[in-house]
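What follows is one structure encoded as structure tokens, with my remarks underneath.
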Number of protein chains: 2
Amino acid sequence: MRAAPHRVLVVGGGFAGLYAARGLRDAPVAVTLVDRRNHHLFQPLLYQVATGSLTAGEIAPPLRWILRRQRNATVVLADVESIDLDARSIVALGADGHRHELPYDTLVVAAGAETNYFGHDGWSASAPGLKSVEDAIEIRGRVLGAFEAAELERDPAAREAWLTFVVVGGGPTGVELAGQIAELARDTLRRDFQHVDTTRARVVLADAAPHLLAGYSARLQARAVRDLRQLGVEVRLGVPVDAVDETGASLGGERLAARTVIWAAGVRASGLARALAEATGTPQVGGGRLAVGPDLTLRGRPEVLALGDMVAIDGVPGVAPAAMQMGRYAAATIAARLAGTPAPAFRYRDKGTLATIGRNRAVGQVRGVGLHGRLAWAMWLGVHLTYLIGFQNRVLVFLRWSISYLTRGRNARVITRGRRRA
Amino acid sequence: MRAAPHRVLVVGGGFAGLYAARGLRDAPVAVTLVDRRNHHLFQPLLYQVATGSLTAGEIAPPLRWILRRQRNATVVLADVESIDLDARSIVALGADGHRHELPYDTLVVAAGAETNYFGHDGWSASAPGLKSVEDAIEIRGRVLGAFEAAELERDPAAREAWLTFVVVGGGPTGVELAGQIAELARDTLRRDFQHVDTTRARVVLADAAPHLLAGYSARLQARAVRDLRQLGVEVRLGVPVDAVDETGASLGGERLAARTVIWAAGVRASGLARALAEATGTPQVGGGRLAVGPDLTLRGRPEVLALGDMVAIDGVPGVAPAAMQMGRYAAATIAARLAGTPAPAFRYRDKGTLATIGRNRAVGQVRGVGLHGRLAWAMWLGVHLTYLIGFQNRVLVFLRWSISYLTRGRNARVITRGRRRA
């Protein structure tokens, strides 16, 4: 009689969860991937959806489709509500409207992170973050809608507020968003409006730290500031945000009238992290992330691994390559255990990091070497096309980028209803 | 002293309004195009967004971008609230949140049509229509979400209701939607699910008339029924819809348990039609459409033209080519009047009509000749690519279609939140 296969339940279809599931394709296990979304999201390109360069479908392939050839994997569209570590099962509200109990032998939790307002959750309505497809569509509607409103607004001060865009947070997402909004205003929309001069739009990038792009060398940080300023972005460093509402933001005590504020200041671990911390005594550190062990397991629960943006490991940044590596590591560890071979501790291999600022402009650190300008930008393009999932998406994104490069156009500019009204 | 140019105000950026605006590019006029959306919508391909083949951005180019090189045209993002025919001005709520008064010398109203529930507006929540990008995204979420729910649902009867799709209305939109859902279930999703056999999904196309595709020859109508049945669609003719709710529909007295019902049974003129009818005494005929004169003007108001789906002219169907022709006619008429030359009456040139059913299957009537099968399908592809606006969109759609043809894939399958929960 054959034993039932070892059940691996993976919560979350982001980079960490997806790479864990895929890494188990040849293992003698039954994988169930649970996500409340039907798609994987290629988050590093989400800012391009938010600024009209790409459509959501191009960077959000269905999880089922990605795993369609993996015979030992099942996808469940459901929202995890609770985890019973003693009974080894989770309860999730399924797409069918019923609660489902999903048992496991090994649990891999990769539920990711959400926008962190650092105690000011009330700011979220005025300053959306950028974590989901819906967020990107919302930001796209606000940014493009602000130019439409400015075109009609006759009061000069009110018009200026529509043409002022504040991006809070100087990490890669903030830098990329600010750069794209500046290019949108200065290049793409320049000829589209009659009454308003979009090139006079004000794009402010603010961070409380004295530098952009924490973790980059001082030289590259300075380069990023220079590049952004050349694009027309006002970079305001060492400036904390005191207040945000729908008419503007207060930066370091100075009031700035702005109808569009975007929050890219930080993330915190998904709510599941707290439940797991309370149930196991695993400490939560910065942003609520779980301080997992060197094998990514929770305290006293070797059968429960947590990975991706919801965990904190010294020296491992919250970036997509780290999540992919953790996913692969989790798969290898589970396979090794089943084979009775020892699993090593997780070791992060820093393959480098790149942030794009605009056309022909990017900064990066690859194997300790600082890069900038056109070379870094070309590497950025190549890396992102390579890791994008799906041949068709790669072709479509490559085409959109090529045409945008030639025409300075951004053509995925639908404003949908349901967004905030002026 | 130069006189101020003649002001032409165009309400609506669909085919009729857009072609009117573009047709005036060399005329000595100042054109203002008002729309509450920022994009033109290529409605003939909207069903492909609703079924995951295309993304919204590919068929919804920004109006501003389309008209960017037309120096005498301005685009205003605003929702028309009222029209004062005596004062020759309209009031519209702008994207800036203020009301704007827009004066005109000639008014072109092309506000289109909306879904018609024939007195049962309460059915709209249970059976969405397909007129806007939001509608398409909503239907896509419901259709794809139904398969997800079926995968989880354990009760056989409830599962069958999730796998039953009812399309009400046998015009081109209904035929195209039913064919696409059948192909989605039988080809695209076949390998993506483990617990449910998507090929057993039931797709019902119902119409109260005894035939599909009114206006086509009896031979082609029969061919469409045969093609749909070969795809696995249950075609139910002569069956009126008695009731619709979120658990199903009642067709000709028979209750059908179905969690997804789509309404493609008809359209009615935009609400502006009634206001114009009341103000001018122009009669409203079937679906509230304005019975305009042979020069598309309203009764007693030669300076007000109405066109597109909101008007009724004998022998002119409510299709995109007719709207384009009316748009071009309106532009030519306005230019002729300004030049002091006589304008002829509107004459519709029937260039033929095509409806696609599925892969290699379509029916069409072109210059009195009936076509079907692969030839009609190839013509359909060519015509739609030709009329799609924007070189980039043509390339992207061509690519998506080519890859879908080779792989039977449909990859624009994001389900976004905000849709109905189970």
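The values are calculated or read from the model by the stated rules, or taken from the named source; none is laboratory data. Just so you know, these numbers come straight off a predicted model, no measurement behind them. Note that each Cβ is placed from the backbone with ideal geometry, even for glycine, and that neighbours are counted across all protein chains shown.
Between A:330, A:320, A:306, the distinction of being outside the structural domain of residue A:134 (by TED's automatic domain parsing), among the hydrophobic types (A, V, I, L, M, F, W, C), in contact with a helix residue (DSSP H, G or I) (Cβ under 8 Å, 6 or more places away or on another chain) and surrounded by fewer than 24 Cβ atoms within 10 Å (Cβ to Cβ) belongs to A:320 only.
Of the residues making up segment B:211-233, none is of a type in the set (A, V, I, L, M), in contact with an Asp or Glu (Cβ under 8 Å, 6 or more places away or on another chain) and part of a strand (DSSP E or B). Residues in segment A:132-168 that are of a type in the set (D, E, K, R) and either in contact with a His (Cβ under 6 Å, 6 or more places away or on another chain) or in a helix (DSSP H, G or I) (or both): A:134, A:135, A:138, A:140, A:142, A:148, A:151, A:159, A:160.
Without any contact (Cβ under 8 Å) to a residue 24 or more places away in the chain and either in contact with a His (Cβ under 6 Å, 6 or more places away or on another chain) or more than 9 Å from chain B (Cβ to nearest Cβ) (or both), is that true of residue A:121? When the stated conditions are applied, residue A:121 passes them.
Do we have residue B:269 as under 30 Å from residue B:110 (Cβ atoms) and within 22 Å of the chain's Cα centre (by Cα) here? Break it down into steps so the answer makes sense when it comes.
On the way: under 30 Å from residue B:110 (Cβ atoms): yes; within 22 Å of the chain's Cα centre (by Cα): yes.
Spelling it out, residue B:269 is indeed under 30 Å from residue B:110 (Cβ atoms) and within 22 Å of the chain's Cα centre (by Cα).
Residues that are more than 7 Å from chain A (Cβ to nearest Cβ), in contact with a Leu (Cβ under 7 Å, 6 or more places away or on another chain) and surrounded by 23 or more Cβ atoms within 10 Å (Cβ to Cβ) within segment B:147-165 comprise B:147, B:150, listed in sequence order. Among the residues here, residue A:242 does not qualify as buried (at least 20 other Cβ atoms within 10 Å of the Cβ), in contact with a strand residue (DSSP E or B) (Cβ under 8 Å, 6 or more places away or on another chain) and acidic (Asp, Glu).
Taking the condition under 30 Å from residue B:89 (Cβ atoms), of a type outside the set (A, V, I, L, M), surrounded by fewer than 21 Cβ atoms within 10 Å (Cβ to Cβ) and out of contact with any Asp or Glu (no Cβ under 9 Å at 6 or more places or on another chain), does residue B:274 pass?
Here the answer is yes, as residue B:274 does meet what is asked.
Taking segment B:86-104 as the range and being of a type in the set (Asp, Glu) and outside any strand (DSSP E or B) as the test, the residues that pass are B:86, B:96. Applying the condition of being within 22 Å of residue A:410 (Cα to Cα), more than 18 Å from the chain's Cα centre (by Cα) and surrounded by 15 or more Cβ atoms within 10 Å (Cβ to Cβ) to segment B:358-392 and asking which residue is nearest to the other protein chains (Cβ to nearest Cβ) yields B:392.
Yes or no, residue by residue, for (1) within 18 Å of residue B:297 (Cβ to Cβ); (2) modelled with pLDDT of 95 or more; (3) out of contact with any Leu (no Cβ under 8 Å at 6 or more places or on another chain):
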{"site": "B:75", "(1), (2), (3)": "no, yes, no"}
{"site": "B:78", "(1), (2), (3)": "no, yes, no"}
{"site": "B:81", "(1), (2), (3)": "no, yes, no"}
{"site": "B:90", "(1), (2), (3)": "yes, yes, no"}
{"site": "B:93", "(1), (2), (3)": "no, yes, yes"}
{"site": "B:96", "(1), (2), (3)": "no, yes, no"}
{"site": "B:101", "(1), (2), (3)": "no, yes, yes"}
{"site": "B:106", "(1), (2), (3)": "yes, yes, no"}
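Residue selection: residue B:236 fails the criterion of being under 25 Å from the mean Cα position of the chain (by Cα), modelled with pLDDT of 95 or more and either part of a helix (DSSP H, G or I) or on the phi > 0 side of the Ramachandran plot (or both). Exactly one residue out of A:67, A:46, A:24 is surrounded by 21 or more Cβ atoms within 10 Å (Cβ to Cβ), within 11 Å of chain B (Cβ to nearest Cβ) and in contact with a helix residue (DSSP H, G or I) (Cβ under 7 Å, 6 or more places away or on another chain): that is A:67. Report whether or not residue B:108 is within 13 Å of residue B:21 (Cβ to Cβ), in contact (Cβ under 8 Å) with a residue 40 or more places away in the chain and in a strand (DSSP E or B). Criteria met by residue B:108. Do the conditions hold for residue A:141, that is, is it more than 10 Å from chain B (Cβ to nearest Cβ) and not aromatic (Phe, Trp, Tyr)? No. So, in segment B:92-119, of the ones that are under 13 Å from residue B:9 (Cβ atoms) and more than 26 Å from the chain's Cα centre (by Cα), which residue ends up surrounded by the most Cβ atoms within 10 Å (Cβ to Cβ)? Of everything passing the filter in segment B:92-119, B:106 is surrounded by the most Cβ atoms within 10 Å (Cβ to Cβ).
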